[in-house]
Structure formats: structure tokens, C-alpha cells
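Heads up, the thing below is written out as C-alpha cells.
The values are calculated or read from the model by the stated rules, or taken from the named source; none is laboratory data. Keep in mind that this is a model prediction, so the values were computed, not measured. Every residue, glycine as well, gets a Cβ built from its backbone with ideal geometry; the counts of neighbours run over all protein chains shown. For accessibility, only protein heavy atoms count, side chains too; no ligands or nucleic acids. Shrake-Rupley method; radii C 1.70, N 1.55, O 1.52, S 1.80 Å.
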Amino acid sequence: MPSVDVLVVGLGPAGGSAARVAAAEGLSVLGIDRRAVIGQPVQCAEFIPLPMGSYARDPGVFSQPIRHMTTLLPSGASQASDFPGIMIDRAAFDQAIAARAQAQGATLWTDAMLLEVDPEARRARVRHAGREQTITFRALVAADGPHSPVAAQLGWPALETVQTRQYTVPLTQPRDDTVIWLSPNYPGGYAWLFPREGQANLGLGMDKALAPDLKTPLDALHRELVEAGWVGEAILSRTGGAIPVGGLRPRVFEGAVVFAGDAAGLTHPITGGGIAPAVVSGELAGEAVAAWLGGDEAALADYQEDLCDRYGPSLERAVARRRELGRVWHRPEAREDAVHRRGWIAFGEYFNDPIAQ
């Protein structure tokens, strides 16, 4: 029966970062991921904020700089906002973080399926390389996404999510901005165009309880942009997935199990941005489990407090703004610019107007 100090489930930015930090602390680390290749398929618009630039230095990660964000309102009015960042190759980004974990001594398994976790006995059953194995661990970092199997094994409730659909399309003219469409056509979310050199990620996210068909509005937007000369007709690739929008979990640890990234509910409920908090929370989780295993009994509670201090206020505001928008999506007010200005981070009203109770 293989035994490790730390078992990391999920090798996206959160899991890879946790594995790297824990291994650097001298712990034996096994990271597992159900995908055959880390980072693939990409389910992401591939934008990171500028402060994350140091993570884009690995070969193949950097795609292009972003200077600002353009937001389009239902009336057609637009606003340019100072929101610089970097477009990345997300698969290369995840793989670079995983490679750093391996360089620190972590063992990583791909095409490895978590079958069962017993958190009290600190055992996990995993299918890897065609056979089932039982792994014993002293601590487990759950970085296994919005539909976290580890959370399900603990009996925790599922996170609230929205669904996304995205096409990669040719870009006819270079752009250095991300473009956001706010519209009642995209209830519970928004549409976007993020340039990547000669291509662009064109997508949308919506609450499927309000609008279950994502394909029709995305195809309509694609046609509109082809006619406007922004993008080409070809669809080079398709992807999609779930984004958690309910905010931070009430607890991010239970016994020897610690949650990070999307599994912890750290994705921003309005923008859907989750790469930066995934990396940061993964690093903090790696530090916390190392300290806890080293005898610091308060380390995991301190980790939760740190996440609450760093992300709690912004996540709580975003959840409240989503709740406000949720009351009007199918009402005439949803076509008013003022409603969307209160509900989007590019506008002062998002931060300054009181939260509706």
C-alpha cells in the first residue's frame, strides 16, 4: 500500500501549486489527475491578471499582452477600463506548474481516477495504469474543480455553477483588449472575446436554469462578429465547462482534507476569473498542510482565515450582485444599462452602490 505525506487530487493551477510547495517543504507528495495530459482539454478563456506575470515566463506559456478591457452594454454604449493582463496558453501554464512540482520531488500521476476517499482512515482508492491501488496519506489537498469528488465523498453540498461554451476563432485584426458583452441575451453571465495573437477565444457563460441553450446565442454572436469583420468563420476548437459562482465554501478544510482553487469556491462569481486565486490558494494550502503535519495544530484554521481575509469581501460582494441580477433577468429592467453597471466590475456603481437586501 503506497503511503505519502500529502495526496493532491487535481493537477490544475491549485493542485500543482500545492504539490510544489509541499514537496519543497520536504514532504512526500503524490499528485493525481484524471486527465491523460495535464491542462488538456483547455476549459478556460486563458487570461491572467498582470500581477501573475511571473507565472507566464515558462516557455510556451505567454501568448500576448492585454492593455485594457472593453465593456459593451445593452444600449450599445461601451466603456474602456484599465484592466491589464496576459493571455496565456493555459495547457502550457498548468504543465509548467506541474513540472516545478516534479522538480521539487513530487510524484505526479495522470490518467488516475479517484474512486473513493476515507478521510478518517486517511486512505484513498485510485485507479491508475490499469489497476486499482489504495494510497494512505497524512493530509489531502482537494484541488479537483467545481464538481469536487472529494467534497462529494465528504457529503458536502455541490457548488452553485454556471455553464460556459467557447469557440476559438481566427482574429482578423490584432487586438490588445478583452471585450465583454453584458446583455439579457446571456442571463446569469456574459459573453466575451479574448484575443490570442492571430486567434481569439469567443465564448459565453450562462445560468442553465435561466437559459439552457448556450449554442444558439454563441453562434449568433459569432455570425455577428464575422459580419462586422472582427473574426473569421472557421471554428478552430470548441470547449466549455462549469464555473462555480456561489462564493467561498463555509469551510475549506475537514480533518486532514484541505480544499483549494475552484473546489474551495474561490472563482469570482461575476467575472468567472479563477486562475490567480487557484495558484495562490494552492501555494497557501501546501504551506498549511506542511505546517500542520509539522505540529502546528492551528495551521489549517489559519489557512481558512487567510482565504477569508484575502477573498471574502470581494466574493461576498460578487455573490450579492449576482443575487440582484438574478431578480431581473427576465424582466424589462434587464435591458437597462444601469442594471448592468451595478453588476459588472468595470463600473463604479458595482463598488459604490449599496447592496440590495
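Results, tabulated for the structure shown:
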item	result
Enumeration of residues in region 147-159 that are open to solvent by less than 20 Å² (accessible area, probe 1.4 Å) and among the hydrophobic types (A, V, I, L, M, F, W, C)	V150, A151
Which listed residue is open to solvent by 20 Å² or more (accessible area, probe 1.4 Å), assigned to a strand (DSSP E or B) and in contact (Cβ under 8 Å) with a residue 24 or more places away in the chain, from P59, P74, P65	P65
Identity of the residue in region 77-87, open to solvent by 10 Å² or more (accessible area, probe 1.4 Å) and not charged (D, E, K, R), that ends up nearest to A14 (Cα to Cα)	I86
A211 being farther than 22 Å from I88 by Cβ and in contact with a Phe, Trp or Tyr (Cβ under 6 Å, 6 or more places away or on another chain)	no
Boolean, V42 is in contact with a strand residue (DSSP E or B) (Cβ under 9 Å, 6 or more places away or on another chain), at pLDDT 95 or above and either closer than 30 Å to A200 by Cβ or of a type in the set (A, V, I, L, M) (or both)	no
Options V280, V289, V319: the member that is more than 28 Å from K208 (Cβ to Cβ), of a type in the set (V, I, T) and out of contact with any helix residue (DSSP H, G or I) (no Cβ under 7 Å at 6 or more places or on another chain)	V280
Residue in region 88-99 that is open to solvent by 30 Å² or more (accessible area, probe 1.4 Å), under 26 Å from L315 (Cα atoms) and within 24 Å of the chain's Cα centre (by Cα) present	yes
Filter result (more than 24 Å from the chain's Cα centre (by Cα) and farther than 11 Å from V169 by Cβ) within region 224-245	E224, E227, A228, G229
Residue check, A152 part of a loop (DSSP other than H, G, I, E, B) and without any contact (Cβ under 8 Å) to a residue 40 or more places away in the chain	no
Condition met for S183 (over 30 Å from A80 (Cα atoms) and not charged (D, E, K, R))	no
Strands (runs of 3 or more DSSP E) fully within region 80-136 counting 2 or more residues that are modelled with pLDDT of 95 or more, more than 29 Å from V61 (Cβ to Cβ) and in contact with a strand residue (DSSP E or B) (Cβ under 6 Å, 6 or more places away or on another chain)	113-118, 123-128
Filter result (touching a residue at least 24 places away in the same chain (Cβ under 8 Å) and crowded, with 16+ Cβ neighbours inside 10 Å) within region 298-309	L300, Y303, Q304, L307
